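Each remark here refers to the structure printed beneath this line.
All of the numbers you see were taken from the coordinates with simple rules; none came from a lab. It should be emphasised that the depicted structure is a prediction, and the values quoted were computed from it without experimental measurement. Using ideal geometry, Cβ is built from the backbone for each residue, glycine included, and neighbour counts are taken over all protein chains shown.
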Amino acid sequence: MKNYTNLKRLCTWLLFLTAAMSFAQTKVSGTVNDQKGMPIPGVNVVLEGTTKGAVTDFDGKFSIDNVEDGTYTLKASSIGYANYTQSITAAGSDVVLKITLAEDTESLDQVIITGVVNPRSKIESSISVTSMQPATIKQSAPRTTAEIFRTIPGIRSESSGGEGNANIAVRGVPISSGGSKYVQLQEDGLPVLLFGDIAFGTADIFTRFDYNVKRIEAIRGGSASTLTSNGPGGIINIISKTGKNEGGAIGTTFGVDFNSFRTDFDYGSKIGDGLYFHTGGFYRAGEGIRETGFTANNGGQLKLSLTKEFESGSVRVYAKYLNDRAAAYLPMPIQVTGTNSDPDWSDAPNFDATRGSLHSANLTQTLGLGADGQRRRGDVTNGMNPISTSVGIQANFNLGDDWKVSNNGRFSSNRGAFVSPFPAEVASASAIADSFGTGSTLQFTDGSAVAGSSLVARVHMFDVELDNFNNFMNDLKLSKSFDNVDVTVGYFKSIQDISMSWLWNSYLQEVNDDNARLINVFDATGGALSENGLYAYGVPFWGNCCQRNYDTQYNVSAPYMNVTLEANENFTIDASLRYDKGRVSGSFTNSVQTVFDVNNDGVISAPEQSVSTIDNANPTAVDYDYDYVSYSLGLNYKLNDAQAIFGRYSRGASAKADRILFSGLDYLNGDRINALDFINQAEIGYKRGFENGAIYATAFYAKTEEEGGFEASTNSIIENDYKSLGIEVEGFYRFNDFSLRGAVTWTDAEVDSGVNEGNTPRRQPDFIYNLIPAYDFGKERQNSVGLSFIGQSKAYAQDNNELVMPGFLIVNSFINVGITKSLNVNLAANNIFDSLGITESEEGSIVEGQTNIVRARPLPGRSISLTLQYQF
C-alpha cells in the first residue's frame, strides 16, 4: 500500500512538471516578405544560440514551436537579401512577427553562380565579382543594356552605339577591332554568341534587359579563362527569374523629351507541387533618343520559363523570342579646334552631336544586288534587327554519395540585319566635288546648288544581312566531393554558324541632323554621275573592298576540370584546366565588278557601269583547326566572417571568327592561321563586409598577345600586343535611409609591340568611375531619389597617341514615388547636363590651329523618361 502511495505521488509530480513545462514554452511564427510586400520562400529563420529554427514555405510563413521562456535574437537570412535580426522574448504567449527583408547584392554571403563550377558565396570565392539586381540597375537610369555595364568596376562599356553594337573592354585589355572580344556576354550561364566581336553581329545586339531579369553577375579575369570559351577577360551573365517568388509587374515608359513608348510585364508563380513558371517581355516603338526621321525602335521580346523541383534536384525549360529593331549609331561629324593635346570638341555646323544622327527620312531604302546576284532592297529603318528564337533546358541533380550532375543546353535560331549610314568622309562640298574630277559640281536632288563651303558626308551604307547566326551551346558538369576536396569535370560543346552578306552602297548627303538632303554629283560637262544621291553600287572610295559573303561554321569542343581544396575552414585553393578544340569550315566570297541595270529602267546609268556584286564563281574554301590550353590557379583566405583576401593567376585565349577572313591567309591550314589571341592575368584582392555595407579592392595585371583582326570602319587589320596593370575598388554603404555605392578603376595600359610601342592603347582612359547616392523616404520607405555620376578621364583617339578625347562626366538622376503599396511612378533623367562624351574617333590627329571635322561617336544627350509601374 505504501509503494502504491509513493507511485501515485511520483505520477502526480511528473504530470505537474509536464504541465509546467508546457506552460513555459512558446510558439514563434510569422511571415517574411520583400520590400514589395511579396512573400519570400526558403528563408532561414533561426534563434541564435539554439538549435531551433524553420524555413519559410511558399507563402513566406514559418513556425518555431516549443521555444522555452527567455530572450533570444531571431535571425532571418536568404540569398540576395540583407540579414534581418530582432530581439524577441518568449514568456508563455505566442509571438507573431512580420519580417521584411531588404535586397542586398553586396553581402559577402551572397551566393554567386558565374565563374565558379559550383555555387559559392562571395567571401569564399577567389574571383572579382559584381552582382546587380534590377533595383540597383535602375538607379543609373540606363537607356540600353550596354549602359548598365558602365557601373561594373573594371568594365569599360562604350555605350554610344544604341541598343547594341557596343564596344566592351575589361581591365585595360584592348578593344582592338570592336565588340567584346575578351568579355563574354551570357544569358543564364550560356554564351549568347560563341564570339563577342563578330562584325555587325555582336552579342549585345541579341540581348535585351527587361522585367525577366533577376540579377546580373559580372566577373573580371579570374576563372573566366577556364570556365568559358572566348571570354578570358570576364563574363557578364544575365540571370532570369524562375517564378519561385510569386508575383509580377506591368509598367509603361514614355519618353518625356524624346519619342518613345514601351510596355514591360512579367509574372511568376507556383502552379503545382514543386512546379513554377515565369513569363515576361516588352514591346516598344518610337524614334529613340536621337533624331532619325522615322520610327527607328520598334519590336520586343517574350520569355517563358518552367521549373520543376524534385527531392534530389530540378529541371528548368525555357524559351525566348526576340524581334526588335533599333537604330545603330555610327560615328558622326564633330568639330574639333585647338591642338591635339588640348582640343575643343563641339557641334559641327547644322549638326547636334548629342541629339543628331546621320539617318534621314530621305534615305530609308537602299537598292542593289543581293548575295545571289539578283536585285534586292535594303531597309535602312531596320537598323539593328535581331530575330532570335531560343529553347533551352537546365538540369541539376544530387546523385547521392556526394555526386552531383548538371547540364545546361540551349539552341538558338538567330538571324536579322544591320543597316546604318557610315561617314567614310566628311569634307566641304567643293572638296567632295573635286574628288569626282576637275569641274565636277554638286546639286541637291531638287536641282538646287550646294554651297561650296557647306559640309557634305560621303556615306557608305553598311547594309548587312545576318543570314544565319544559329548556335547550339551545352555545358555538362559532374562533381564529386571527397572530404575537403571537390572535383568537377565538364564538357562544353558549341556549334556557331556565321553566315552574312555585306551589300554596301555609296551616297552623298548634306551634314544636317534634321532629315539631311541627298546630293547628286555631275561631271564638268553636266553629265550625271549619281542618281538620287547614290553614286556607286559598292564603295569605290575604299577600293570596292567590301561586297562580301561568308558562310562558316565554328565547332568547338572543350573538356575542363576543376579541383577545389579546403585546406582548412578558412583557406581554399582551386585550380582549373581547359582544352579548347575548334574546327572551322565553310567558305567566303569577295566582290567583283559588273555592268548591271540595277534600277531596271532599261538605261545603264553612271553608277550602273561598275556595280559591286558577290563573286560567287570564285569562293574561298575554309577548313582549318585550332586548339589551345587555358589554366587558372586561385587562393582564398578568409580572415574572419567579414574579411577575406584572394589571389589568382590565369592564362586563356580568345579565338577569332570572321575577322581573319579576307586577309589572304591559307584557310586550309590551321598552322598558318592567326586564329588565337592570348591573355595572361594576375590579380590579388581584398573583401570586407560591414554591418551596413561592403568594400572590394583588386589589383590586377594583364598581358595580351594579339595576332590582329579586321576592323570594317577603318578598313584595316589591327595587330598589337598590350599590357596593363591597375586597381579596381567597389563599395556600398547604407546610413539609415541614405545609401551610397560606387566604383573606381585605375588602369596603366600600354601598347607592347609595333610602331606604337610604349603608347597608351586607343580609347583607354586611366580612370573610369561611378558614384550613386540614393535616399529612401516615406512612411514605409516607398519613395526614393538619387543621382548617378558616371565618367572617365581623357583617352587617346588612336594608338598613335596624338588626338585626345577629353574626359567626361555623365550625371543621371531618378525619383521613384510609391503612390500606393503596389503602384509607383518613376522619373529618370539620363545625362541631365547634356554633356558631350566622346567614346571613339576615326581620326587619330587634327591639323592644329584650324577648324577640323572628325568622325566620332558621342554619348547621347539628355533624355527624360516617365514610368508607371504596377506590381502584383
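Just a few scattered comments:
- Other residues lying with their Cβ under 13 Å from the Cβ of PRO765 contribute a combined charge of +2, Lys and Arg counting +1, Asp and Glu -1.
- Spacing of the two label points (7 Å from each Cα toward its C-beta) at ASP834 and MET38, in nm: 3.9
- Positive minus negative residues near LEU74 (Lys, Arg vs Asp, Glu; Cβ under 11 Å): +1
- Amide hydrogen proximity for GLY368: with H placed 1.01 Å from N in the peptide plane, the residues at 5 or more positions away or on another chain lying under 5 Å are ARG376, GLY378.
- Dividing the Cα radius of gyration of region 458-559 by 2.2 N^0.38 Å, with N the residue count, gives 1.99.
- Using 0.36 nm per residue and subtracting the Cα-Cα separation, the extra length available between THR339 and VAL315 on full extension is 2.5 nm.
- Note, ³J(HN,Hα) from phi for region 537-544, Karplus 6.51, -1.76, 1.60, rounded to Hz, x at Gly and Pro: 8, x, 9, x, 4, 10, x, 6
- Net lengthening on full extension, ASN736/PHE872 (0.36 nm per residue, minus Cα-Cα): 46.2 nm
- Placed amide H near GLY837: partners under 5 Å, 5+ positions off or other chain: LEU859
- Contour minus Cα-Cα distance for SER793 and ILE727 (0.36 nm per residue): 22.3 nm
- Estimated purely from DSSP H runs of n ≥ 4, each contributing -39500 (n - 2.57), the mean residue ellipticity at 222 nm for the chain is -1500 deg cm²/dmol once divided by its residues.
- For region 816-829, Karplus couplings with θ = phi - 60° (6.51, -1.76, 1.60), whole Hz, Gly/Pro x: 10, 10, x, 6, 10, 4, 10, 10, 9, 10, 10, 10, 10, 10
- Considering only the chain, percent of DSSP beta bridges that pair antiparallel, nearest 5: 95
- Long-range Cα-Cα pairs in region 477-520 (distance over 16 Å), rounded percent: 73
- Note on region 247-871: semi-axes of the ellipsoid equivalent to its C-alpha gyration tensor, largest first and rounded to whole Å, are 45, 32, 28.
- Region 111-240 - share of DSSP beta bridges that are antiparallel (%, nearest 5): 80
- Listed peptides 500-511, 590-601 by packing density, highest first (mean Cβ within 10 Å): 500-511, 590-601
- Working note: Karplus 6.51/-1.76/1.60 with θ = phi - 60° gives region 161-170 the couplings x, x, 7, x, 6, 7, 9, 10, 10, 9 Hz, where Gly and Pro are set to x.
- Listed peptides 215-222, 153-160 by packing density, highest first (mean Cβ within 10 Å): 215-222, 153-160
- Sorted peptide list for 200-211, 810-821, criterion being average Cβ within 10 angstrom, highest first: 200-211, 810-821
- Inter-label distance for ASP446 and ASP273, nm, one decimal - labels placed 7 Å from Cα along Cα-to-Cβ: 7.6
- In this simple spin-label model, placing a label point 7 Å from the Cα along the Cα-to-Cβ direction at both VAL96 and GLU757 gives a separation of 7.8 nm.
- Residue list for region 632-654, given a label point 7 angstrom along the Cα-to-Cβ vector of GLU569 and an amide N cut-off under 17 Å: 637-644
- Within the shell of other residues whose beta carbon sits under 15 angstrom from the beta carbon of GLN184, the net charge comes to -2, with Lys and Arg scored +1 and Asp and Glu -1.
- The simple Förster model, with R0 at 22 Å and r as the Cβ-Cβ distance, assigns LYS61 and ILE88 a FRET efficiency of 0.85.
- For SER530, residues with placed amide H under 5 Å, excluding near neighbours: VAL521
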